[in-house]
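One structure is given here, and the rest of the page talks about it.
The values are calculated or read from the model by the stated rules, or taken from the named source; none is laboratory data. Bear in mind that the values here come from a model prediction, so they are computed numbers and not experimental data. Backbone-built Cβ (ideal geometry, glycine too); neighbour counts: all protein chains shown. Only protein heavy atoms, including side chains, enter the accessible area calculation; ligands, DNA and RNA are left aside. Shrake-Rupley method; radii C 1.70, N 1.55, O 1.52, S 1.80 Å.
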Amino acid sequence: MVTPLEDEVVIIQSTATDQDIVYLLQLLDICQDSRISLVIPYFGYARQDKIFKPGEPMTARAVAKALNPFLESGNLFLMNIHAPSIMVHFQCQTMNLDATPLLAEKIGSLGLKDAVIISPDKGAVAMAKTAASCLGLECDYLQKTRLSGTEVSMAPKEVNVKGRDVVIFDDMIATGGTMATAITLLRQQGANRVYLAAVHPVLTGSAVLKLYRSGVEAVLATDTLDKGVSTVSVAPMIAKALRSNQ
Ligand code: R5P
């Protein structure tokens, strides 16, 4: 039961499931007479940002269209959205917050020396660069080819990881296929301990098992989704963003 008759309300809701989307629409409906600041830490369907095959829906756009009427006088905060192009489908002021420095801070507390920050593909290079710059470490990327929804392969890339600790940064871990392949490849290249850092721990099915079987040392993620590995809170970043937007 919510009675938000204030002029301004803040709604924070990740949309990991379709049920979450319905809950969010219900909350927005209750608050429709207020100016709404909506925070969606994990935006589901972000990987359906294009029409990949004729006849497919662009679900990220469809969800944006459902949310837009409630945000006419409000604003929206997303977090490490998989495809920033999704932001054009929102008609309100939309910001994409970056949780990489928070993850980097956590990695910093591990006391790694001479570690390498790796992006599993070109898509996460910006994150890897940000993390490397926060930590004063070297960074690089691997070349990935997606074979299907659940399978990826990686061409060996000249990364000097022999005998060094490695931290792989990505926006999300879903099936764990990308990370498991990267861990295996890096271990074959002589990497010492391999850590994973991701903003969104989607972790479907037996993803965690897959990662530990591949030899990961630890998985570090934020709490945009509430999982066992969600040890980094994004709350301070959300609070700061809301305050600076007042
Ligand atoms: C893809 O471009 C993303 O950045 C992630 O690498 C991907 O979504 C992870 O998916 P999965 O864990 O299923 O390989």
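Summary of computed values
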| item | result |
| --- | --- |
| Of all residues in the range 158-181 being of a type outside the set (Val, Ile, Thr), near the ligand (Cβ under 9 Å from one of its atoms) and part of a loop (DSSP other than H, G, I, E, B), the one that is surrounded by the most Cβ atoms within 10 Å (Cβ to Cβ) | Gly176 |
| Selection from the range 182-205 of residues that are open to solvent by 20 Å² or more (accessible area, probe 1.4 Å) and within 12 Å of the ligand (Cβ to nearest atom) | Val202, Leu203, Thr204, Gly205 |
| Odd one out for Ser148 among (1) in a loop (DSSP other than H, G, I, E, B); (2) open to solvent by 60 Å² or more (accessible area, probe 1.4 Å); (3) on the phi < 0 side of the Ramachandran plot | (2) |
| Residue in the range 60-73 that is open to solvent by 30 Å² or more (accessible area, probe 1.4 Å), over 16 Å from Ala197 (Cα atoms), assigned to a loop (DSSP other than H, G, I, E, B) and away from the ligand (no atom under 14 Å from the Cβ) present | yes |
| Selection from the range 36-59 of residues that are open to solvent by 80 Å² or more (accessible area, probe 1.4 Å) and away from the ligand (no atom under 16 Å from the Cβ) | Ile51, Lys53, Pro54, Gly55, Pro57 |
| Within the range 115-134, tally of residues that are among the aliphatic types (A, V, I, L, M) and open to solvent by 50 Å² or more (accessible area, probe 1.4 Å) | 1 |
| Residue in the range 101-116 that is part of a loop (DSSP other than H, G, I, E, B), within 16 Å of the ligand (Cβ to nearest atom) and touching a strand residue (DSSP E or B) at 6+ places or on another chain (Cβ under 6 Å) present | no |
| Condition broken by Leu225, with the remaining ones in (1) at pLDDT 95 or above; (2) more than 24 Å from Pro101 (Cα to Cα); (3) part of a loop (DSSP other than H, G, I, E, B) satisfied | (2) |
| Test result for Lys129, of a type outside the set (S, T, N, Q) and either within 15 Å of the ligand (Cβ to nearest atom) or at pLDDT 90 or above (or both) | yes |
| Test result for Ile12, open to solvent by 10 Å² or more (accessible area, probe 1.4 Å), under 19 Å from Asp223 (Cα atoms) and β-branched (Val, Ile, Thr) | yes |
